[in-house]
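The next block holds one structure in the form of structure tokens; read it before the comments.
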Amino acid sequence: MSTTFKIDYPVLVRQAVIGAFKKLNPRDEIKNLVMFVVWIGSILTTVWLFIDFSSFNLQICVWLWFTCLFANFAEAMAEGRGKAHADELRRMRTKTTARKLVDDREVIVPSSELMVGDLIVCTAGDLVAADGEVVAGIATVDESAITGESAPVVRESGGDRSAVTGGTRVTSDRIIVRVTAAEGNSFLDRMISMIEGARRQLTPNEIALNIVLVSLTALFIVVVLVLPPMAVYDEKAAGQSGVVLTSLPVLLSLIVCLIPTTIGGLLSAIGIAGIDRLMRRNVLATSGRAVEAAGDVDVLLLDKTGTITLGNRMATEFIPAPGVDLSVLADAAQLASLADETPEGRSIVTLAKDKFNLRGREVADPHATFVRFSAQTRMSGVNLDDRRIRKGAAESLKAWIISQGGTYPAEVASEVERISRSGGTPLVVAENKHVLGVILLKDIVKGGIKERFEQLRAMGIRTVMITGDNPLTAAAIAAEAGVDDFIAQAKPEDKLARIRKEQEGGKLIAMIGDGTNDAPSLAQADVGVAMNTGTQAAREAGNMVDLDSNPTKLIEVVEIGKQLLMTRGALTTFSIANDVSKYFAILPAMFGLLYATEKGGYGPLQAYNIMFLHSPQSAILSAVIFNALIIVALIPLALRGVKYRPLGAKVILRRNMLIYGVGGILVPFLFIKLIDVALVGLHLAP
Amino acid sequence: MKFTEIVQIVLFFGLGIALTPVLGRFMARVFKGERTILHPLLFPIEKLVYRLTGIDPKEEMSWARYLWAVVIMTSVGFASLMAILMTQKWLPLNTQGLDNLSWHLAFNTAWSFTCNADWQSYSGEATMTYLSQTLGLSVHQFLSGSAGLAILVAVGRALARASVRTIGNFWVDLTRCTLYIVIPLSVIWAIPLAWQGVPQTWKAYPTANLVESYTAQVQKTDDKGNLVTASVPKVDDKGRPVVGADGKPVMVDQPVMVDQKVETQPIPVGPVASYESCKQLFTNGGGWYGVNSAHPFENPTPLAGFLEMLAIIAVPMAQVYMFGLLIGNKRHAWCLFAVMLGLYVLSFGVAWYAETRPNPVVDNIMPLMEGKEQRFGVMNSVLWGVSATAIDNGSVNSMHDSWMPIAGMMPMWNILIGEIMFGGIGCGVYCMLFHVLITVFIAGLMIGRTPEYLGKKLGAWEATWAVIGVLLPNAACLIPTAISVVLPAGVASMNNAGPHGLSEVLYAFGEAANNNGSAFAGLNANVPWYDVALGIAIIIGRFAPIAAALAIVGRLASKKTVEPSAGTLPVHGWTFGLTLAGVIIVVAALTFFPALCLGPLIEHGLMQAGRVF
């Protein structure tokens, strides 16, 4: 999917740097308790400089401030990316005026003065001033500003294509639009405020994770604060004095290193980035909760047409009646379909052309009279001189043949039966009173969709196909596409009932819909994606809108939701696993001299300095610096999200546990050592 | 490593595992209210109990009411026990003329026994009358164990429910547990112990004539039996008299000692066998005698020792299987079982290895028998010690502080990790539940779904209580330890100097906060500071996990249950088991590694360098 938005990274980074400093404001910091602890630590170490100034204390102080700034920077980056997008959206709306209809007269008013229920007129070249519904007329609308799709789409009154979005441009004709959302409350406005995070509320998962992180923070503060008394006791018992490092900056360093700053600093960035990623796929969500719910979805309700199959049935085969030549059948079928503008009709012409090299003849043949399809006759065709060629439903054709005194061959009847059973649609072709054969029309299952469903199944998501077809046809297509279940001859109520039934069992349901009669189901579903081409009612009912109106998008939405949760889990694991190495850096540094027997020598706990860090000071600094830098290093991962693979839960867990758990234990050993070497090389630590 | 030792270890674990499904199935049947082999005999009694107490067995409780019932029972038990202990001098069955307990010792002991910790700051035979031992302490050995198991039953039952606000009836669970499980098992297990020579009598202590009489110094008493003291000048560390601000020497009272010839010795006995079987089976661990199962009357023969060790693991192992039956997910139960067993065997392996390494300080003499089980050998000491701490039993047959530093660290590790290697009756599994939930929480996110456990979605409520269940006991261990090592009253009670003293205190608070009751030995805890601080740690360690477990399952019972799919995190199998073990080890290590560094780890390093404490 093409995105129309390009992000100017140098500007973004510059703004994020400024934002990082602005966010040092305690009112911002206290929103994130883990980072608030770091912030307090930074202030305390700063104050400590006035009590006990040393190069070491200064460096600790600077790096604690950097830890705060890096976390702020991550959040500012994520917000900045969202804002860039939001600004783009907002720009479309600025200085729009509208031609409001007042007593059948057009009055020019600024779009900001429009109220819900006002009627506005839009002609070719106008920007649509507000979200609304077409009440009269038909027009093509260029929605590229929000969808990135350059081809204009048709919007007309009545039916399922009546919704227009503020900020799109009418490219032909004239429509009258009833305003459905006043400025500040339109779809676009809600999106913008979502992206900017101004009204971003914490999702249930974020709240729960926050509790775990804050509790861990509390635990580690206790763990560190009980150390000085114990260490002093040991020191006294050893008959030493001043050998354990328990100065305030050292203790604060240990606290900051242990508390989950990596995930704490990146948590809000991950959330914002998740919504932003969705946006990049041209899906707008109305809440973060909806994005999260998408990751939890158990059942996908998918419309057959457009999602599982290509929009229309296609002719795939000609089956001649006994004694009829195949090319005769193809020729007759093509002739009968020349004037048929339906996609099925055109597919017959194309098939005949492709397979038998029959060139499409002129529709304007003077001898030809075309017979259009009607609901009464349920057939169409052509009269060419004395040839009367018809194609249509088997029952109608049979009646037509018999009424002319012809016979309807049993072979054709059984062929029709067979096709119906296999999920195809048979069209019988006849000339005068002879049956020539059958055209097989088939739903074409989209390429790759079966594999997609298999992946979903591996992820534990069931797919349910919804179709108006009869159960036989539905079953055949369901089998071909590999869906888990289907609802045939579905009415809108059936969808709603199915959603309720699944929800009874605690399942989460996602569906995609466009029509007004989809609105109740969209509202009931846990994740309701409305298509942008859909009605205003549908768009209001769902909690996401797909600007591309691409039904397959639902699967991507699920993936993004999962990716969001996975990123949080992975970074939490990584953050906690990191602590192991920090102990091996800091504890020997603090207590290495306990029970040292000779002057300048080390005591038994120095044995845990397994990284052979140069000195206590360099060891502590290295751990603190690693802790700060890892936040920056992981910003890209937080914004991009953990790589998602459609695999079963067990496999994903094993994979991520190895990468972020085991990796999280091992990686810091290497980097802390490298930082230590660098510090000593730069003479920043003794 | 001797062949007989290997055979014994294999027999020990093998019998424990073999008993698990048998005992577990029986326990599950009892709590589901199904008929068992004991019903013809005991069901009329159960009905009678309900009639007499006015309990309606069909009445259901919300989690908060269930918790309230536990609190009421424990508090009433505490008050009555404290009353008995502080008045035992005047109560019947005081055959040895023993005195009342001090308020702080009574406070500590009463909480300790009502909370299933059974920490003892005293020597039973020199402190407790028969009445205190049986009516006071023994009753709570039964009841506190039953209460723990009842809570686990409620937890299991609630997890299997959906869209319901109640989790069962505490009084019914308690009655069934006591009647069908605790009493019958204690009786059955007492028989072979009595046969092996554990005393079972109500008579006064017999007196034995000493083969070799000796002279002891005792404090002089006057005619009225009061202790005599004399006023002497106070001296400082170097033996110089301390002079007060007024220039005069400071005077202090000092007891006057006289020689006394000792020719006879009273032999403490009592209904030890029945006490012992209950103590071992229901993770109580408070010994009849002060030296616990290192006393030859508590543990007379190798067979008795083996049976007592088997008693430690039998019910705790079976309760995991019972839990699996109650939640209707045996595979999950076996996964928990495997994780518990793995950590347990690992701990035993490390301790045994460390204990069989030579000690350079004593010229590498092997084996090191000081403080160990003299008759049955080092392996039996280590296996007992590791078992009694992995499982919240706390009985000892050797002095853990006589072990090598690393070996001695393993019982401490078992306790600090939260007693989840089968753990205490009931609490072993529901404490494990917190770790399971934390694992599910992190792992659940990592697979891209809202975390769910047994088909229930986890949210902020469950996360909050799970961390409370883990966090509070840890804080109740670390904070008072830190205070004790700087408080003069705390330091004065330590028997050993240096890091070993720190280990003693850390161990004491660790066991209190995890309701274990075993002692590292070496710490004189019967002083107001330790009695009170340990008592409070015991209360936190008992009620924080209970409240957390009930709050969690109370909420989960009211949620819908979702059928598992390929996308849900399986709570069985290698992947989950290893993740769970990893989370347990990392969380415990991160919490206690610094403190352990300053205790046993530094001591180990010093011992290698030839320095001991």
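The values are calculated or read from the model by the stated rules, or taken from the named source; none is laboratory data. Worth saying up front: this structure is predicted, and the values here are computed from it rather than measured. Note that each Cβ is placed from the backbone with ideal geometry, even for glycine, and that neighbours are counted across all protein chains shown.
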task = For residues that are touching a residue at least 40 places away in the same chain (Cβ under 8 Å) and either touching a Cys at 6+ places or on another chain (Cβ under 7 Å) or farther than 29 Å from residue A:155 by Cβ (or both), tally how many sit in the range A:498-531.
result = 6
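Here are some residues: B:489, B:497, B:476, B:512. Which one is more than 8 Å from chain A (Cβ to nearest Cβ), surrounded by fewer than 19 Cβ atoms within 10 Å (Cβ to Cβ), in contact (Cβ under 8 Å) with a residue 40 or more places away in the chain and not aromatic (Phe, Trp, Tyr)?
Among B:489, B:497, B:476, B:512, only B:489 is more than 8 Å from chain A (Cβ to nearest Cβ), surrounded by fewer than 19 Cβ atoms within 10 Å (Cβ to Cβ), in contact (Cβ under 8 Å) with a residue 40 or more places away in the chain and not aromatic (Phe, Trp, Tyr).
Out of all the residues in the range A:615-650, which are in a loop (DSSP other than H, G, I, E, B) and touching a Ser or Thr at 6+ places or on another chain (Cβ under 9 Å)?
Residues satisfying the conditions are A:641, A:642.
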request  = Return yes or no: is residue A:442 assigned to a helix (DSSP H, G or I), at pLDDT 80 or above and away from every other protein chain (no Cβ under 13 Å)?
outcome  = no
task = May I ask you to verify whether residue A:38 is over 28 Å from the mean Cα position of the chain (by Cα), crowded, with 18+ Cβ neighbours inside 10 Å and either in a helix (DSSP H, G or I) or at pLDDT 95 or above (or both)?
result = yes
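In this structure, is residue A:259 surrounded by 20 or more Cβ atoms within 10 Å (Cβ to Cβ), touching a Phe, Trp or Tyr at 6+ places or on another chain (Cβ under 6 Å) and in contact (Cβ under 8 Å) with a residue 40 or more places away in the chain?
Yes.
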remark   = When the range A:579-616 is checked residue by residue, the ones that are aromatic (Phe, Trp, Tyr), in contact with a helix residue (DSSP H, G or I) (Cβ under 7 Å, 6 or more places away or on another chain) and more than 7 Å from chain B (Cβ to nearest Cβ) are A:584, A:608
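Tell me which strands (runs of 3 or more DSSP E) are completely within the range B:161-254 and hold 1 or more residues being under 35 Å from the mean Cα position of the chain (by Cα), or say none if there are none.
B:166-168, B:207-219
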message = Any residue at all in the range B:390-412 that's of a type in the set (D, E, K, R) and either within 14 Å of chain A (Cβ to nearest Cβ) or under 18 Å from residue B:590 (Cβ atoms) (or both)?
response = no
query = Is one or more of the residues making up the range A:237-254 more than 13 Å from chain B (Cβ to nearest Cβ), of a type in the set (A, V, I, L, M) and under 41 Å from the mean Cα position of the chain (by Cα)?
reply = yes
request  = Among the residues of the range B:25-40, write down those that are within 10 Å of residue B:322 (Cα to Cα), touching a Leu at 6+ places or on another chain (Cβ under 8 Å) and among the basic types (Lys, Arg).
outcome  = B:25
ask   = Taking the range A:658-676 as the region of interest, how many residues are closer than 16 Å to residue A:572 by Cα and surrounded by 23 or more Cβ atoms within 10 Å (Cβ to Cβ)?
value = 4
request  = Could you check residue A:220 against (1) buried (at least 24 other Cβ atoms within 10 Å of the Cβ); (2) among the aromatic types (Phe, Trp, Tyr); (3) within 11 Å of chain B (Cβ to nearest Cβ) and say which number it fails?
outcome  = (1)
request  = Kindly establish whether residue A:641 is within 14 Å of another protein chain (Cβ to nearest Cβ), more than 39 Å from the chain's Cα centre (by Cα) and not hydrophobic (A, V, I, L, M, F, W, C).
outcome  = no
request  = Out of B:582, B:577, report the one residue that is at pLDDT 90 or above, assigned to a helix (DSSP H, G or I) and more than 25 Å from the chain's Cα centre (by Cα).
outcome  = B:577
Complete set of residues in the range A:258-281 that are farther than 14 Å from residue A:565 by Cβ and not aliphatic (A, V, I, L, M) = A:260, A:261, A:262, A:264, A:265, A:268, A:276, A:280, A:281
The range B:585-613: number of residues that are hydrophobic (A, V, I, L, M, F, W, C), part of a helix (DSSP H, G or I), at the interface with chain A (Cβ under 7 Å from one of its Cβ atoms) and free of Cβ contacts under 8 Å to residues at least 12 places away in the same chain = 4
task = From A:576, A:555, grab the single residue that is in contact (Cβ under 8 Å) with a residue 60 or more places away in the chain and within 11 Å of chain B (Cβ to nearest Cβ).
result = A:576
request  = Scan the range A:58-78 residue by residue and report those that are touching a Ser or Thr at 6+ places or on another chain (Cβ under 8 Å) and surrounded by fewer than 20 Cβ atoms within 10 Å (Cβ to Cβ).
outcome  = A:65
note = Residue set A:315, A:332, A:368, A:285; condition away from chain B (no Cβ under 14 Å), in contact with a Leu (Cβ under 7 Å, 6 or more places away or on another chain), more than 30 Å from residue A:430 (Cβ to Cβ) and buried (at least 17 other Cβ atoms within 10 Å of the Cβ); output residue A:285
note = Restricted to the range B:540-584 and to residues being away from chain A (no Cβ under 14 Å) and buried (at least 21 other Cβ atoms within 10 Å of the Cβ), the residue farthest from residue B:514 (Cα to Cα) is B:554
remark   = Every listed condition ((1) within 27 Å of residue B:427 (Cα to Cα); (2) part of a loop (DSSP other than H, G, I, E, B); (3) within 14 Å of chain A (Cβ to nearest Cβ); (4) touching a Gly at 6+ places or on another chain (Cβ under 6 Å)) holds for residue B:504 save (2)
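Given the structure, is residue A:266 within 14 Å of another protein chain (Cβ to nearest Cβ), touching a residue at least 12 places away in the same chain (Cβ under 8 Å) and buried (at least 23 other Cβ atoms within 10 Å of the Cβ)?
So residue A:266 passes the test.
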